Amino acid sequence: MKSKTRTQLIFVLTLALTDAVMANLAFLVAYWVRRWIPWPNEAQAMGSFSAYSGIVLAHVVSILVVFAFTRLYRLTRMPSRVDEFYSIFASTTVGTLMGVALSSLLFKNSPLELDYSRGMILYGWGLTIVFITIGRVAHAQVRASLREQGWGRDRVLIVGTGDVGWMIFQKIQSNPGLGYEVVGFVTNGSDDVPLGARVLGHAGDLSPIIDEHRVDEVIIALPEATHQEILMLLSECERGKVTIKVYPDVFQIMASQVSIGDLGGLPLLTVRDIALRGWRRVAKRLMDVVGAACGLVLISPLLMLMAVLVKLDSRGPVFYVQERMGLDARLFQMLKFRSMRQDAEASGPGWTVEDDPRATRLGRIIRRFNIDELPQLINVLLGEMSLVGPRPERSVYVNQFRRSIPRYMDRHWEKGGITGWAQVNGLRGDTSIADRTRYDLWYIENWSLLLDIKILIRTFFNIFRSPNAY
């Protein structure tokens, strides 16, 4: 435990040192840019860089203090780069303003007061954001590499051998940079045990299992368990003094933003407050129209090239038009570049799987990079789809899923999207529909323009690394 605590401390201290170095370097580059580029006005009385040492110190200290207060030194296993950039942007802005205020107080009667102009502040602010972001990305890569080698690795016990427990296990196994080592599973007796799972015992024996296997973290993967059962498990875990994480049930996902109201004096919780209403729907539609129109113009040469290649690669039409179910369960014709043989569904609809034998040679490539989805920008422009939303399914599958998955049809409260919250979290292709539904419902009830932008950015980067892009 001491070595893990020491490793965590080293990670935090080196991250703070990295931020300090990058902020200092950003100020240095800002100094030279200010000397070379006379904008917004000519630089006056620019002394040597060493004369700015006090201002640099105030700038760096202010940045580090704000970062500490905004919890940017609280390391997480898989941070969202987009969320982290938002935090860096906001914290650097506040830190820069604090640095300016601190410099004006400390060096009020110094000749440097004339040199620290608006241009210098602007360059320093922008470059600090860029440099610190680059430094943090590099630091995260080093941390992940060290964790793969065993530095600060935590021993994890998964409670529950159902689909959720197995999904968590596979997520950990596929991401060694998380720094987790799964010691095994604990069954609650109601789930089937997956083939190859190492079951260490029953949930009733959780406390001695934690002690025996030196467990650092327990993940409770029982979304259908009662509150009483969860409390009993938490009690067992607390005696083992471990970190506890619980996979949420459907209600907890719905109630992520609960509001309290009343009915004639009786308190009531509002747990289903759909975010996309009123002006928000107009804003989302405006982003869809602008994004789709600009996208179609920018990628038009690629679309023409793909059309020619699809035609040359195999017999059949360029586009594959498929009926999907969208907003309010209305049917529409979704466009895709054809990636399968013309007779792929001669024997009826078939679920797409990895290395699908029905795919053409070109189809395997364009499906890998999601190029086959690009014509759906036309569906977005026509108002049938959105850039971001729950992925629309065929009606034949919807009729199956609605009977077995709670609240599945609630996905159709909003337009289907080219990409979505479930897809950027690895749930695409031949993955759990129940899990996709949970993510889709969370998206619908927590929508914001910033969330859509985050999903679009993550979609772009996932194209090149997602194992489920087929």
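The values are calculated or read from the model by the stated rules, or taken from the named source; none is laboratory data. What you are looking at is a predicted structure, and each value in this text was computed from that prediction instead of being measured. Because the Cβ atoms are built from the backbone with ideal geometry, glycine has one as well, and the counts that use them run over all protein chains shown. Accessible surface is based on the protein model in full, side chains and every heavy atom, while ligands, DNA and RNA are left aside. Shrake-Rupley method; radii C 1.70, N 1.55, O 1.52, S 1.80 Å.
Among the listed residues Asn379, Asn370, identify the single one that is at pLDDT 80 or above, within 27 Å of the chain's Cα centre (by Cα) and on the phi > 0 side of the Ramachandran plot.
Asn370
Could you grab me the full set of residues in segment 69-86 that are of a type in the set (Ser, Thr, Tyr), part of a loop (DSSP other than H, G, I, E, B) and modelled with pLDDT of 85 or more?
Step one: filter segment 69-86 for residues of a type in the set (Ser, Thr, Tyr), giving 70, 73, 76, 80, 86.
Filter again for part of a loop (DSSP other than H, G, I, E, B), leaving 70, 73, 76, 80.
Hits for segment 69-86 are Thr70, Tyr73.
Pick from segment 279-304 the residues that are open to solvent by 90 Å² or more (accessible area, probe 1.4 Å) and of a type in the set (A, V, I, L, M): which of them is farthest from Leu449 (Cα to Cα)?
That would be Met304.
What residue, of Ile378, Ile365, is in contact with a strand residue (DSSP E or B) (Cβ under 7 Å, 6 or more places away or on another chain) and open to solvent by 30 Å² or more (accessible area, probe 1.4 Å)?
That would be Ile378, the only listed residue that is in contact with a strand residue (DSSP E or B) (Cβ under 7 Å, 6 or more places away or on another chain) and open to solvent by 30 Å² or more (accessible area, probe 1.4 Å).
List the pairs whose first member sits in segment 54-68 and is over 17 Å from Thr133 (Cα atoms) and part of a helix (DSSP H, G or I), whose second member is modelled with pLDDT of 95 or more and not small (Gly, Ala, Ser), and whose Cβ atoms are under 7 Å apart, counting only residues at least 6 apart or on separate chains?
none
For the subset of segment 208-224 comprising residues that are part of a loop (DSSP other than H, G, I, E, B) and touching a helix residue (DSSP H, G or I) at 6+ places or on another chain (Cβ under 8 Å), which member is nearest to Thr76 (Cα to Cα)?
Selected residue: Asp216.
Go through segment 390-466 and tell me which helices (runs of 4 or more DSSP H), entirely inside it, have 2 or more residues that are touching a strand residue (DSSP E or B) at 6+ places or on another chain (Cβ under 8 Å) and in contact (Cβ under 8 Å) with a residue 60 or more places away in the chain. Can you show your working first?
Working: elements: 395-404, 421-424, 433-445, 449-462.
It comes to 395-404, 449-462.
Test each condition in (1) of a type outside the set (Lys, Arg); (2) on the phi > 0 side of the Ramachandran plot; (3) at pLDDT 85 or above for Met98 and report the one that comes out false.
(2)
Of all residues in segment 332-355, which are among the charged types (D, E, K, R) and modelled with pLDDT of 70 or more?
Listed by number, the residues that qualify are Lys336, Arg338, Arg341.
Which of the residues spanning segment 186-202 are modelled with pLDDT under 80 and on the phi < 0 side of the Ramachandran plot?
Listed by number, the residues that qualify are Asn188, Ser190, Asp191, Asp192, Val193, Pro194, Leu195, Ala197.
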